[in-house]
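What follows draws every value from the coordinates through simple rules; no lab data is involved. This one's a predicted model, so the numbers in the text were calculated from it and none came from an experiment. Note that each Cβ is placed from the backbone with ideal geometry, even for glycine, and that neighbours are counted across all protein chains shown.
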Amino acid sequence: MTTNGNGLVIDADAHVVECERTWEFMDPSERQYRPTPLQTAEKGGVKQQFWLVDGKVRGLRFPAFTPEALEQRAKQAGRRFADMDASREMGNVDMRLEHMDETGVDVEVLHNTMFIESVTERAGVEVALCKSWNRWVADIWAHGKGRLLWSCMAPVLSIPDALDQIRWSKEHGACAVLMRPIEGNRLLADPYFYPIYDLAQTLDIPIAVHIANGNAWLTDLYRHPVSQAAGLHRFRVPTVASFSDVILSDVHQEFPKLRWGFIEASAQWLPWVLHEAKNRFKTLDRPWSDNIAREYGMFVTCENSDDLPYIVANGGEDCLVIGTDYGHMDTSSDVDAIKIFKEREDLSPEVKQKILSDNAKALYGL
């Protein structure tokens, strides 16, 4: 492994891309819920891909690109994407580790792809899917030489099963519990989730709020053809709002040692949301400090396209981490993000050390 001088270089936002092997870990009694992969005919070098879950097309699955189409997409975006399915889907763990070495990353924290959208309203189906997913990624972790950590999928439609999965996952390489900013008709400040927060605090693992939307009605609304930039509304805006919800709620008072990571929404919004929260704290007669995000255990992934000097000055340098979004091909994805960040000249070495290593270690308890 290559380190950043004083510590591990941690990719706080990497991904596994679900494949048919993901569902081979289901119990025999649950195999009736196994998702079926679907895809369209190739058009312009792209095949649209979907999962059929419990009789419905649900969840998120990225298109499949021909090498030529992917190269063209990378040129248009000005960023490099992970282009080997064996590495993205973890069919070849050694290949993934070798690519980490090439890009200067010591540890990746793996998050899901499919569950960024709602996959079911039935608790039994969600339990089966999350259990198989957790077992699959735990198997990847077992072959990852301590370098591939992950966030547990908790089936929140059944809190007892969610707690069981969190306990099991913590023992098998999980360093976080994945939550969507909206879960069905509930926001994250809802006391319904308090048993999950209590267990996470007890186990000393954070809640990773990855950009997502677990409300099927909202995700369908934002697919409307008049909103071509729907990803902003569908996934990023709810994530930003959930940061505000958590910091303004009683969650920190109830669980003062619980940590939170807000993943893949960039960080450009952080000074604004903190400014709004500061004003509301006055109204609520609550004390405020200039390092409130870190005091509340709240961390945010930044991107190289963010105005980082401004964010550091107005949002704090102790709450920022960075990720590559490895495995995806969207506006946040750049497998060279760590390399590019290391070469920045507008941040001090001390601040870069915090973002590359120290803050991520604090977030994930490493």
Length gained if residue 101 through residue 31 is fully extended, taking 0.36 nm per residue and subtracting the Cα-Cα distance, is 21.5 nm
Provide 21, 96, 223, 147 in ascending order of the number of other Cβ atoms located within 10 Å of each residue's Cβ, fewest first. 223, 21, 147, 96
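Could you list, in their original order, any pairs among 257/282; 339/361; 282/354; 145/342; 257/361 whose Cα atoms are separated by more than 21 Å? Before the final figure, lay out the partial values.
Values: 257/282 23 Å; 339/361 19 Å; 282/354 30 Å; 145/342 24 Å; 257/361 15 Å.
Flagged as over cut-off: 257/282; 282/354; 145/342.
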Bins of 5 Å, beginning at zero and ending with the bin holding the largest distance: percent of Cα pairs per bin for the range 248-350, please. 2, 11, 21, 22, 18, 12, 8, 5, 1
Sequence of 43, 339, 170 once ranked by neighbouring C-beta atoms within 10 Å, starting from the fewest: 43, 339, 170
What is the fewest-to-most order of 145, 361 by other Cβ atoms lying within 10 Å of their Cβ? 145, 361
Using bins 20 angstrom wide from zero, how does P(r) for the chain break down, in % of all Cα pairs? 30, 62, 8
Over the range 119-236, with a single point scatterer placed on each C-alpha, what log10 of the ratio I(q)/I(0) does the Debye formula yield at q = 0.12, 0.13 1/Å? -0.47, -0.54
Two pseudo-spin positions, 7 Å from Cα along C-beta at residue 285 and at residue 336, lie apart in nanometres by 5.6 nm
The range 148-155 - phi-based ³J(HN,Hα) in whole Hz, Karplus 6.51/-1.76/1.60, Gly and Pro as x: 10, 8, 7, 9, 5, 8, 9, x
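Based on DSSP H runs of at least 4 residues, each adding -39500 (n - 2.57), what is the mean residue ellipticity at 222 nm of the chain after dividing by all its residues, to the nearest 500 deg cm²/dmol?
On the way: 15 runs with 133 residues, N = 366.
The per-residue figure over the chain is -10000 deg cm²/dmol.
Tell me which chymotrypsin sites (Phe, Trp or Tyr not before Pro) from the range 253-333 have a DSSP coil assignment and no more than 15 other beta carbons within 10 Å of their own. The partial results should precede the final answer.
Values: sites: 260, 262, 269, 272, 281, 288, 296, 299, 310, 326; in loops: 269, 288, 296.
Of the chymotrypsin sites (Phe, Trp or Tyr not before Pro), the ones in loops of the range 253-333 whose Cβ has at most 15 other Cβ atoms within 10 Å are 288.
Within the chain, what is the longest stretch that has no GluC sites (Glu not before Pro) placed in a DSSP loop and near at most 14 other beta-carbon atoms within 10 Å? Don't skip to the answer; put the middle values down first.
Numbers: sites that count: 42, 121, 171, 343, 345.
After excluding every exposed loop site, the longest remaining stretch is 172-342.
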